[in-house]
1. Report the relative contact order of the stretch 66-221, percent, no decimals, based on alpha-carbon pairs under 8 angstrom and at least 6 residues apart.
2. Please report, as a whole percent, how much of the solvent-accessible surface of the stretch 678-772 comes from carbon and sulfur atoms (probe radius 1.4 Å).
3. Which whole-number percent is the relative contact order of the stretch 470-621 (Cα, under 8 Å, 6+ apart)?
4. How large is the charge dipole for the stretch 204-362, taken about the Cα centre, if only the Cβ atoms of Lys, Arg (+1) and Asp, Glu (-1) carry charge, to the nearest 20 debye?
5. Would you please give the residues with an amide H less than 5 Å from that of residue 347, counting only those at least 5 places away or on a separate chain, with H modeled from the backbone geometry?
6. So if I take the alpha carbon set of the stretch 432-544, get Rg, then get Rh from the Kirkwood formula, what is the Rg over Rh ratio?
7. In this model, which of 102/239; 643/725; 232/273; 69/273; 69/125 are farther than 26 Å apart at the alpha-carbon?
8. For the stretch 543-632, which whole percent of the accessible surface, found with a 1.4 angstrom probe, sits on carbon and sulfur atoms?
Amino acid sequence: MRTFLSRTPSLILALLATTVFSWAQRSSDIDPMLGADKGGNVFVGPTLPFGMAKPGPDYGDNEGNAGWKATGNLNGFSQLHVSGTGGGPKYGNILIQPMIGKADPAHSSAPRQEEHAEAGYYSVKLGGTGIHAEVTTARRTPVYRFSYPATGERTLLVDVGHLLMRRHDSPHRYPESQVVYSTEVQVLSPTEIAGMQASVMGWNIQTEPMKVYFYLVTDTPAAMSGTWEDGKAIRPGAKTASYKMPFTMQTLPKSLAPIVSSGAYLTFAAGAKPVMVKVGVSFVSVEQAKKNALTEVANFDFDGTRRAAVATWNKELSTVRIEGSSTGELQQFTTGLYHSMLMPVDRTGENPLWQSSTPYYDDFYCIWDTFRSSTPLLTLLDPKRVTGILQSLLEIQDHDHFFADGRAGNFAGRTQGGSDAEMMFTDAYVKHLPGLDWPRVYRAMVHDADVESTAPIRFGRGDMDEWKRLGYLSIEHSDPVGGPDRPGSRSMEYAANDYAVALMAKGLHQDSDAAKFMARASNWKKLWNADAVDHTEGGDVKGFVWIRHDDGRWKETFNPHLVGTWYQDNFYEATTWTYSLYVPQDVRELIQFTGGAAAFQKRLDLFFAPAAAQRYRYDVGNEPGFLAPYLYNWIGQQSSAAKTIRAILPASYHTGLAGLPGNDDSGAMGSFLVFNQMGFFPVAAQDFYLIGSPTFRRSSIVLGNGKTFTVVAENTSPANVYIAKATWNGKPYDRSWFKHDQLMAGGELKLTMTDKPTHWDTGTVPPSMSDR
């Protein structure tokens with residue numbers, strides 16, 4: 001059986017043969033379709049960095065999380081999407097579809113031909129129609145160019161009732177499919193259509209309607225127009241249409257039939273000139289949507305808008321430079337950067353809930369996924385952006401009273417683990433990010449960490465009484481409704497979150513709080529079952545975190561394979577193997593609990609052994625294991641970390657549609673790749689990085705303070721994955737980690753690579769809570 005730890009000479013030769021020396025600052029190196037299939041679920045249409053408008057194709061059964069699917073006909077182009085998410089889809093609002101002949105909404109889907117995507121641009125031909133559809137976008141205004149056959153009527157449908165949805169029953173307590181709450185559409189003139197769609201539910205269980213307004217304008221007057229509602233029979237000449245959901249939120253069925261479509265259309269006379277279309281989008285009003293359309297795009301300048309999008313991406317990418325990559329590695333790296341900048345979404349000026357001069361961001365989907373790698377990466381590449389994101393989160397907390405973990409459609413939900421916004425804020429605090437009122441942040445953090453959330457599935461923490469009294473979440477009471485809800489993984493995350501609060505408390509001289517939260521950060525020990533044993537192919541491994549009843553008894557029958565999602569007595573998206581290694585606050589103490597350095601190394605070796613290709617042990621496709629390859633650094637075995645990392649990447653990341661190991665999770669998978677290819681990785685909410693094994697000969701980051709940090713990997717290759725020696729600014733360096741302040745001072749970390757393991761890391765091991 002071939003595993004990710006195996007290599008072949010032919011692979012090494014192929015990689016060497018395609019090595020190029022490049023700067024990773026060109027949008028042409030991005031492949032927006034990398035990772036679109038096989039669960040990667042990335043958005044393939046055009047967008048800007050953190051851009052609100054994400055116009056793109058919706059295919060097949062309309063159940064694709066980002067609209068795109070490998071099979072099925074093209075149903076049209078909707079204006080809003082997410083990227084890389086799992087669970088029930090979100091968005092897919094306001095679908096437009098060109099067709100030949102008279103308007104026929106029930107028969108408008110068409111086979112795709114010659115699909116093509118690049119940064120700022122997507123195009124496809126509609127099979128059997130002769131139509132060529134192209135799309136680019138400004139920040140809030142998609143722009144389309146539809147080239148029809150020169151003869152015959154040309155029609156544009158605007159389906160205001162369209163959403164991406166999951167029609168089968170949800171395995172969870174709540175339906176995850178979006179539901180159209182209401183629609184309104186009006187033909188304003190032969191060139192204009194405007195309206196609104198309100199929707200509820202989706203993955204974040206949205207119970208307050210999300211309203212999306214639009215203003216569509218064309219450069220070609222229609223010869224005919226009309227609408228449809230309550231079915232797909234058109235009404236020529238009609239100017240308005242609407243729909244209202246025939247349920248209340250209390251009577252909403254768990255499983256719904258496809259939503260009845262409603263919309264409007266324009267039919268143009270025959271002509272050879274393409275029809276140009278702008279669609280201003282807003283969460284505030286039709287008037288705001290119209291303003292967006294008229295101010296963001298001059299006239300109908302498709303090519304100029306496309307060029308502006310490319311220039312914007314080139315500027316964003318210019319802060320990172322690499323040399324010595326293969327063509328495929330360059331594409332993976334640059335696309336990883338790109339994916340890291342798609343979400344959250346900058347909706348400043350588009351907040352329908354309150355007025356504010358603070359930046360406003362939405363589509364945190366979810367912080368549980370992104371705090372470990374995406375946010376630390378952006379802190380290096382674009383610190384002002386991160387300040388704005390955190391200012392937005394803090395203001396959202398002012399209104400919701402708790403920090404969100406997930407948020408979409410201007411509505412918080414869901415919480416996957418702990419309260420991981422605390423990790424984001426502490427990460428920024430220990431890295432001295434400017435522009436935040438830290439006493440105000442700290443008050444919000446303490447409230448979030450100490451007070452029972454009014455809706456823990458939406459924001460904040462639940463089961464706080466048990467967390468304070470028992471030191472863990474029990475099987476019986478981890479779900480506020482009664483019964484279990486991920487007690488094992490949430491307990492482990494609460495402990496890590498509390499360490500983040502403790503670090504900020506200590507920095508702000510809140511000594512009693514610091515002591516309290518430090519103590520809670522050790523609560524992971526209360527779930528350590530020293531008698532739990534897994535009988536592996538490499539021998540018995542003893543001692544794992546496990547789940548407890550409220551009276552202290554262990555969950556019956558230890559099961560190292562147990563994994564699940566919601567409303568079960570389990571661990572979320574990983575087994576106890578992963579969560580037993582998730583103690584980022586105190587790896588030193590964890591090593592002692594496992595039996596010392598030798599036992600810890602054996603555990604790690606087995607964790608990454610062939611069985612790790614299954615979900616049972618290591619799963620690169622889920623974020624709780626991101627830090628795990630670097631745990632070797634704490635026992636002076638950095639060479640094992642290097643070997644593991646350099647095996648994981650080529651086995652799990654590829655070019656092409658199936659290029660990602662799972663959901664991209666709003667750029668989490670892409671940022672994990674980027675850090676590892678550069679040769680170091682952050683410990684989220686702490687102020688240091690761990691040294692890995694660089695893929696590239698040279699990686700440089702132009703920092704926000706104007707200085708440049710460079711990692712040089714002399715002789716690196718698919719065979720030379722180990723570090724023989726290291727220097728920092730020309731001086732010998734013997735630690736397998738470095739501080740954020742060292743990085744921000746600029747300079748060069750030079751690693752001399754070799755094909756044999758060495759013990760170069762003879763200095764102090766990385767910090768742990770128990771060092772203090």
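The values are calculated or read from the model by the stated rules, or taken from the named source; none is laboratory data. All values derive from a computational prediction rather than experimental measurement. FYI the Cβ positions are ideal-geometry reconstructions off the backbone, even for glycines, and counts take in every protein chain you see. Side chains included, ligands, DNA and RNA excluded: accessible areas come from the protein's heavy atoms. Shrake-Rupley method; radii C 1.70, N 1.55, O 1.52, S 1.80 Å.
1. Averaging sequence separation for qualifying contacts and normalising by length gives 20 percent for the stretch 66-221.
2. That fraction is 51 percent.
3. Once divided by the residue count of the stretch 470-621, the mean separation gives 23 percent.
4. For this selection, approximately 460 debye.
5. HN-HN under 5 Å from residue 347: 360, 361, 362.
6. We get a ratio of 1.07 for the stretch 432-544.
7. In this structure, 232/273; 69/273 exceed 26 Å between Cα atoms.
8. So the carbon and sulfur contribution to the accessible surface is 49 percent.
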